[in-house]
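Notes follow once the structure below has been shown.
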Amino acid sequence: MVEALLIDLKALLVEREDCDAGTVQQLRNGLAQGKTQYRTFREVTELLKKKAEAATGAAAKRWHLKLGIANFFLGYLVDAVDHLKQSEGALANFYLGKALLERQDLDEALKAFEKAEKSGYTASQVQLQRAGILRLKGEISQARNLLNKLEDQASHNAEYHFQLASLLLLEGQRLNAIRHLERAVELDPGHTGALFQLGHANDLSGNDEDAVVYYERCLNHPPLHVGLLMNLGILYEDGDQYEKAVDCYKKILHAQPDNEQARLFLKDSQASVTMYYNPDAEMASSRFSQVLEIPVTDFELSVRSRNCLKKMNIRTLGDLTRVSEPQLLSSKNFGETSLSEIKEILATKGLRLGQSLEEGATFERRFPNQQPLSDQEQAVLNKSVSELNLSVRARKCMNRLGINTMGDLIQRTADELLESKNFGMTSLTEVREKLRQFGLTLRGD
């Protein structure tokens, strides 16, 4: 099989004077070839910058058009907007609208698209962008009416299916939306928006392998979105592909140097690249953790012991390892007989009172008082962790650790969470902040 020749990006953008929709499509095709094309593209962009600085009049406007489009595909939206505003014509205004839309400057984007249409840009393409803006502004019925008027685009226009799918997702019609996203990709295999949404849908469903495939296809069709790189980085980490994750976070920081979340994720991934992994040790640790999670109600306890433990909010064997003998004996009606009973139970599992305290853990009440939990407090602890609305990374760690309720979560210490794969300081900070909204803290905080 003969390999296709790389598209000459320098000839396309520098040596060729005109720049039209066909030029942009060739640029997209060239970037999709990968290999050295991105490096060449950056070099070409530097040449365009010099040309624009040296030119005047109509020639300067043409160079600014090319430079604006180049910056748009590189993801440098501020520069793209600046250069496109110094150009004119249908193509310049259309991509000015696209750049402003990416920056969520919806009203200005709408004005730019209107100018593009008045200058002769394909009306249906402009109307589809307008439908997207209406959707983002919450004007759902107007967006739906506009898409209904564009139904004739369904046979051949990928953007129509993407915009319709985005609306359907907003309306909760997920399966129908996915069908339209798949149709969009059939019509345009490089439609980044549709590829990303398909990746995201698989990501949310736990189909990590399929999600990675869609996200990676997006990489060949810029501009690349921060959300794409962040989600893909997290999935790479889940698959122990830390070097690829590092590359994703570095790309985010190249475009957004002040993105603190990406900086922290990068630090976590770089640490994981050199981390020694011992599967036997992890398995042993997992078994030990499972023992600590055994409820004390699984054992035959006297009524007195059971009531005392309930008053102290001690639910698991792990809780018992985080409390000392004097703390137990200080509880009303808890005497030497109850103490011996508890010690015997722990001994059957190779545990002892205060064991975790000796290893640096602390015993904390989940609520500051010493009384049994009220119905309201118990209801909070019974809430699902999904109500915390955690990020993808933190949510996956909750699933991995078998943490289903807030009560489960607050039984964990910060150190226990940090021991989980891919759970770093960023996720820990997020969890702490979300728990604080419910008046809760992790054990030991």
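Rolling a 1.4 angstrom probe over the protein heavy atoms, how many square angstrom per residue are accessible across the chain?
Averaged over the residues of the chain, the accessible area is 52 Å².
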- Message: What do you get for the angle between helix 425-436 and the principal long axis of the chain? Use alpha-carbon atoms, 0 to 90 degrees, nearest ten.
- Response: 70
- Task: Could you work out the relative contact order of the range 109-213, using alpha carbon pairs under 8 angstrom and six or more residues apart, expressed as a whole percent?
- Result: 16
- Please list, in chain and number order, the residues 5+ apart from T405 or on another chain whose amide H is under 5 Å from its amide H, with Hs placed from the backbone. V385
- T316's amide H: which non-local residues (gap 5+, or another chain) put their own amide H closer than 5 Å, with H modeled 1.01 Å from N in plane and none for Pro or chain starts? V296
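What order do you get for 160-172, 52-64 when each peptide is scored by the mean count of other beta carbon atoms within 10 Å, highest first? Walk me through the numbers on the way to the answer.
Details: 160-172: 20.8, 52-64: 14.6.
The most tightly packed comes first, giving 160-172, 52-64.
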- Which aspartates and glutamates, on any chain, are close to K66 with Cα under 17 Å apart, when same-chain ones fewer than 8 places away are left out? D8, E15, E17, D18, D20, E43, E46, E53, D79, D82, E88
- Helix 208-219 versus the longest principal axis of the chain: what is the Cα-based angle in degrees, 0 to 90, to the nearest 10? 30
- Query: Angle between the Cα long axis of helix 106-118 and the longest principal axis of the chain, 0 to 90 degrees, nearest 10?
  - Reply: 20
- Message: If you take mean projected area of the Cα convex hull in nm² from the coordinates, which of (1) 27.5; (2) 25.8; (3) 21.5 do you get?
- Response: (1)
- Query: Could you give the distance between the Cα centres of the range 11-68 and the range 155-209, to the whole Å?
  - Reply: 30
- What relative contact order, as a whole-number percentage, does the chain give when Cα pairs under 8 Å and 6 or more residues apart are counted? 7
- Just the number, please: carbon plus sulfur as a percent of the accessible area of the chain, 1.4 Å probe, no ligands or DNA/RNA counted. 49
- Rounded to the nearest 500, what is the 222 nm mean residue ellipticity of the chain from helices alone, with -39500 (n - 2.57) per DSSP H run of 4+ residues and division by all residues? -19500 deg cm²/dmol
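The values are calculated or read from the model by the stated rules, or taken from the named source; none is laboratory data. Computed from a predicted structure; not experimentally measured. Reconstructed Cβ throughout: ideal geometry from the backbone, glycine too, with neighbour counts over all protein chains shown. Just the protein is used for accessible areas: all its heavy atoms, side chains included, with ligands, DNA and RNA removed. Shrake-Rupley method; radii C 1.70, N 1.55, O 1.52, S 1.80 Å.
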